[in-house]
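The values are calculated or read from the model by the stated rules, or taken from the named source; none is laboratory data. Being a predicted model, the structure only gives us computed values, none of them experimental. Cβ: placed from backbone, ideal geometry, glycine included. Neighbour counts: every protein chain shown. Surface areas here come from the heavy atoms of the whole protein model, side chains and all, with no ligands, DNA or RNA. Shrake-Rupley method; radii C 1.70, N 1.55, O 1.52, S 1.80 Å.
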Amino acid sequence: MKDYSILLYYCYTSIENPEEFREQHHFFCLGLNLLGRVIVAPEGLNGTVSGLKANCQKYMEGMKADSRFAHIDFKVEEFETHAFTKLHVRTKPEIVHVDLLYIDPNQQTGTHLSPADFRAMKDDKDVVILDVRSNYEHAVGKFKNAITLDIENFREFPDKVGELEQYKDKKVITYCTGGIKCEKASAFLLEKGFKDVYQLHGGIIKYGIEQGGEDFEGKCYVFDNRIIADVNTVNPKVISTCFVCGTNCDRMVNCANAACNNHVPMCEKCGWETEGTCTAACKMHPEKRIYDGTGYYQKNTNHYNPYKHARREKNLAN
Ligand SMILES: [Zn+2]
Ligand SMILES: [Zn+2]
């Protein structure tokens with residue numbers, strides 16, 4: 001039974017007092033028994049939470065009732081349970097760390113393409129599809145023919161734009177998981193002289209929901225307990241290979257050695273043989289965890305209290 005929803009959303013909007021908003025918002029989420037991560041910054045909000053469907057509905061209605069967030073585009077997926085183990089509501093300088101604080105996507109950004117428009121346009125001859133995500137993300141899935149960047153973190157994106165000179169006069173469409181990175185990435189491309197820049201609005205996730213994910217090869221890396229999500233129901237394709245034996249495989253495991261925790265594709269057979277570890281050294285390591293066939297290890301949640309940090313000064317835990 002898929003009684004839960006997973007929400008993915010962001011909003012560039014001015015939040016005057018982020019710390020005060022953060023506190024209110026933390027209580028709002030607690031009241032609805034939501035788990036997940038929300039980042040609050042003076043420039044807006046970035047979140048992914050899970051909860052019972054009715055509670056997620058109340059959350060979305062509550063947010064949209066606030067004029068600052070009325071235009072939030074929620075990506076909603078169904079799930080059997082919570083997709084997170086904790087709730088964190090935090091303030092940060094930017095809602096996605098890329099050190100482009102001066103860019104306001106409400107002033108300048110690439111043209112938003114709906115999933116349907118993207119699907120219609122993606123195969124045009126003069127179109128270049130640019131994946132702005134990191135290596136560990138595009139390694140498990142990306143759009144057919146997309147250009148990827150060798151980056152470990154989105155913060156490295158601005159430095160990589162120099163390598164894209166040859167596409168300056170093409171139609172460049174950027175995409176990411178939920179659309180948030182593209183807001184600034186596409187603005188940055190425009191600033192660097194790219195003429196015709198578009199972005200897939202709502203990212204891979206929304207494209208999967210609305211257009212069946214056509215031509216997305218592999219799986220989509222997500223930032224919740226699922227680790228990867230299926231998005232393509234039209235023409236799915238496996239692009240990753242088992243880290244150990246090289247057979248086609250899109251099953252991801254975290255190395256059982258807690259000190260390594262490397263995230264690698266590994267087939268079922270090799271999983272059991274290596275006891276879920278990525279190297280011989282990891283297999284011998286004293287911090288090796290017990291492999292149960294999933295390659296997923298629940299983070300230690302002992303003493304976790306959702307009310308911790310809920311208030312700015314007082315700690316309600318006591
Ligand atoms: Zn294998
Ligand atoms: Zn390892």
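The table that follows gives values for the structure above.
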quantity: Three-way shape call for the range 94-222 based on the alpha-carbon gyration tensor, with the a/c threshold at 1.5; calculated: rounded
quantity: GluC sites (Glu not before Pro) restricted to the range 14-91 and DSSP loop, no more than 15 other C-beta within 10 Å; calculated: 16, 80
quantity: Gaussian network model of the chain, Cα within-10 Å springs - most flexible of 35, 100, 130; calculated: 100
quantity: Accessible surface, the chain, averaged per residue in Å² (probe 1.4 Å); calculated: 48
quantity: Beta bridges per DSSP with both ends in the range 25-131, % antiparallel, nearest 5; calculated: 60
quantity: Portion, in percent, of the accessible area of the range 172-226 that falls on carbon or sulfur, probe 1.4 Å; calculated: 44
quantity: Hits among aspartates and glutamates - C-alpha to C-alpha of residue 58 under 14 Å, sequence gap 8 or more where chains match; calculated: 66
quantity: Amide proton proximity set for residue 13, modelled H, under 5 Å, gap of 5+; calculated: 44, 45
quantity: Exposure rank, largest accessible area first [223, 188; 1.4 Å]; calculated: 223, 188
quantity: The chain: calculated mean residue ellipticity at 222 nm from DSSP helix runs of at least 4, using -39500 (n - 2.57); calculated: -6000 deg cm²/dmol
quantity: For the chain, share of DSSP beta bridges that run antiparallel, in % to the nearest 5; calculated: 65
quantity: Cα gyration tensor category, rounded, prolate or oblate, for the chain with a/c compared to 1.5; calculated: oblate
quantity: Accessible surface, 1.4 Å probe, highest first, among residues 39, 204, 209; calculated: 209, 39, 204
quantity: Mean Kyte hydropathy of 1.0 or more with a Cα span along the axis of at least 24 Å, helices from DSSP in the chain; calculated: none
quantity: Sequence of 63, 284 when ordered by accessible area, the most exposed leading, probe 1.4 angstrom; calculated: 284, 63
quantity: ³J(HN,Hα), Karplus 6.51/-1.76/1.60, whole Hz, each residue of the range 249-264, x for Gly, Pro; calculated: 6, 10, 8, 9, 10, 8, 3, 5, 6, 4, 6, 9, 6, 3, 9, 9
quantity: Accessible surface of the range 1-127 [probe 1.4 Å, protein heavy atoms]: carbon and sulfur percent; calculated: 50
quantity: Residues with amide H under 5 Å from that of residue 310, placed H, sequence gap 5 or more; calculated: 316
quantity: Under Karplus coefficients 6.51, -1.76 and 1.60, residue-wise ³J(HN,Hα) of the range 109-122 in Hz, glycine/proline x; calculated: 6, x, 4, 6, 10, 5, x, 5, 5, 4, 4, 6, 9, 4
quantity: Other-chain or far-sequence residues with amide H under 5 Å of residue 253's (modelled H); calculated: 264, 266
quantity: Percentage relative contact order, the range 33-122, counting C-alpha pairs under 8 Å, at least six apart; calculated: 38
quantity: Rounded to whole Hz, the Karplus (6.51, -1.76, 1.60) HN-Hα couplings of the range 213-220, x for glycine and proline; calculated: x, 3, 6, 8, 9, x, 10, 9
